[in-house]
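Below you'll find the structure, written out as C-alpha cells, and then a few comments.
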Amino acid sequence: MALSMIGSAVFIALLLLYVIVLLSIGRWSAKKVDSSNDYLLAGRSVPLGLSVLSLLGTWFGSSAILGATRNTYESGMNGTVLEPFACAATLAFTGIFFAGPLWTRQVATVADLFRERMGPSAEWISCLIQIPTFFCWIGAQYLSIGALLETYLGMPTWIGAIVSSMVVLLILWSGGMWAVTWTNSFLVALSIASVVILFIGTASAVGGGDVVSGVREVWTQTPREQLSFIPDMRMSTILGVVGIFLTGLLGNVPGQDLQQRVLCARSPQVARWSCIISSVLYLAVGLIPIFVGFAARLHLEEKITQDDVQGDQVLPIAASHFLSEPFEIVLLLGLISVNLAVAASATISQTTILSNNVLGRWLRHESGNPIRERACVIAVMIGSLVAAFSGESVMGLLEISLVIVMVALFVPMCVCLFARTVVPWTGVASMLAGSLVWGCHVAVEEWLPQDLASSGTSIGVSALQWYLAVPAEIQGLLASLIVATIPLLGYSPGKENNA
C-alpha cells in the first residue's frame with residue numbers, strides 16, 4: 001500500500017498545502033470572534049448550508065468509513081446497524097424532536113440544561129460522563145491519522161498523532177467555533193469527494209469499466225444471508241441488533257458535539273433542517289463503504305488477512321487495488337480530512353463544557369480575548385493525546401462511550417426538555433440507576449463462567465439466561481426511564497422545577 005517515490009512526494013506537497021489552507025481558514029475565522037459566545041458558539045448565527053456541512057464534518061469519523069468497510073467485509077449488513085444506519089437516524093431523530101426545543105432554551109451546553117432543571121449535581125455528573133469518553137474519541141482520531149501516515153509514508157504513528165493534534169490546536173486557537181465551522185465545511189467536501197471517487201473506481205473496476213455493471217455484479221453475487229441485518233431469528237440475536245440500533249440512535253442525542261451544532265444555528269428552523277438534511281446526505285455517502293466492503297469480500301478475500309481486518313486495513317487495501325495512485329492520494333487526503341474534522345469538532349465541544357460548566361463555575365469573564373477558552377483547548381488536546389497513547393483499554397472505551405451516554409443521559413435530557421415540572425433528585429437518580437444496571441450486567445457477562453448460563457435446567461439458571469438475553473444497554477435505559485418516571489406515580493419528595 002506504500003506510495004511510489006513520486007506519489008509520496010506529491011502527497012507530502014499536497015498535505016503541506018492542505019494544512020496551510022486549513023490554518024489560513026482558521027486565522028481568517030478569527031475576524032468573527034469578539035466574545036466568548038463567538039468563540040464557543042459562533043455567535044449562534046451559523047446559516048443552513050454551513051450548519052449542514054459542519055454536522056457532516058462532525059459525524060464522518062473513521063468509524064463511518066474505515067470501520068463500516070471492515071464491518072461489512074467481516075459481518076455483512078449485520079455489521080452496519082450502528083454505522084451508518086443508526087447514526088444517520090439519530091440526526092433525523094434529533095432534528096425532528098430535539099433541535100427546536102433545545103435551541104429555544106438558549107443554553108451553551110447540555111450540561112447547562114441539566115443545571116437549570118435538575119440542579120448542579122446533575123450538571124456535574126453529565127460532565128464527568130462526557131469528558132473522559134470524548135478524550136478517547138478525539139485521541140482515536142489522532143491515532144488514525146498517525147496510522148495512515150505510517151502506512152503510506154513510514155512516519156511513526158506517535159509523530160503523526162502529535163502533529164495532527166497541533167494542527168487542530170492552531171485551527172482552533174484564534175477562530176474557535178467559527179474556525180471549526182468553516183474548516184469542517186472544507187474538510188467534509190474533500191472527504192465526500194474522495195469517497196465518491198472510491199465508489200466510482202471500485203464499481204468501475206468490478207464491472208469492467210462500467211459503474212452500473214459493477215454495482216449490479218456486487219449486488220447479485222453477494223450471498224443473501226450477508227444482506228440481512230439479522231443473521232438469525234433467535235430472540236437474543238434480535239434483541240442484540242435492537243440494542244445496537246438504540247445505542248446509535250439515542251446515545252448520540254445528549255452528546256455535546258451534536259447539540260453544539262444545534263445551538264450554533266441562527267434559528268430553530270435552521271437547527272431542525274440542518275439535522276434532517278445531514279441525515280439524508282450521511283446515509284447516502286455512508287452506503288459507499290458498505291459497497292466497498294462487499295466488493296472486497298468478493299474479489300480480495302485471498303489478499304486480506306485477519307490481521308488486516310483487525311487493523312482496519314480493508315479499505316486501504318481495496319483502494320490500492322481498485323484505484324490508480326493519483327486517486328488513492330485523493331482518498332488518503334479525504335481520510336485525513338475525516339479525522340481532522342471530527343477531532344476539531346469534538347475538541348471545541350469539550351472545550352465548551354470545560355470552560356462553561358467546570359472552570360466557568362469559578363472563573364467568570366466577558367472578554368473579547370477568550371483566554372480561558374484557549375486554555376481549555378490546550379487541556380483537551382493534552383488529555384486526548386494521553387488517552388490516545390494509553391493502549392488498547394482506550395480503544396475499548398470507545399466502544400462503550402455511546403452506551404454510557406445513552407443509559408445515563410438520554411432519559412434525563414428528555415425529561416428536562418419535555419416535562420413541565422421536574423423533581424431535581426430524579427435527574428441524578430436516573431443517571432446513576434442507568435449506569436449501575438448497565439455496569440452490573442456487563443460485570444456479570446464478564447465474570448460469569450461461560451458454561452453456567454448454557455447448562456442445567458434449574459429455575460435459577462433459566463432466569464439467568466433470560467437476564468443475559470436482554471442486552472445491558474436496554475436494561476440500563478429501562479432502569480433510567482423507570483427511576484425518572486417515579487414522580488408520575490405520586491412519589492415526588494423535594495422541590496419541583498417548572499419549565
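The values are calculated or read from the model by the stated rules, or taken from the named source; none is laboratory data. Remember, it's a predicted structure, so these values are computed and weren't measured experimentally. Here the Cβ is made from the backbone with ideal geometry for all residues, glycine too, and neighbour counts use every protein chain on show.
Here SER174 meets the list (1) within 25 Å of PRO289 (Cα to Cα); (2) in a helix (DSSP H, G or I) almost entirely, failing just condition (1). From the set of residues in region 112-143 that are among the small types (Gly, Ala, Ser) and farther than 21 Å from PRO101 by Cα, which is surrounded by the most Cβ atoms within 10 Å (Cβ to Cβ)? Ranking the qualifying residues of region 112-143, first place goes to GLY139. Out of ALA284, ALA319, I need the residue that is surrounded by fewer than 18 Cβ atoms within 10 Å (Cβ to Cβ) and closer than 30 Å to THR90 by Cα. Which one? Result of the check over ALA284, ALA319: ALA284. Only helices (runs of 4 or more DSSP H) whose full extent lies in region 203-307 are considered here, and the ones with at least 2 residues that are aromatic (Phe, Trp, Tyr) and either modelled with pLDDT of 95 or more or out of contact with any Lys or Arg (no Cβ under 9 Å at 6 or more places or on another chain) (or both) are 268-299.
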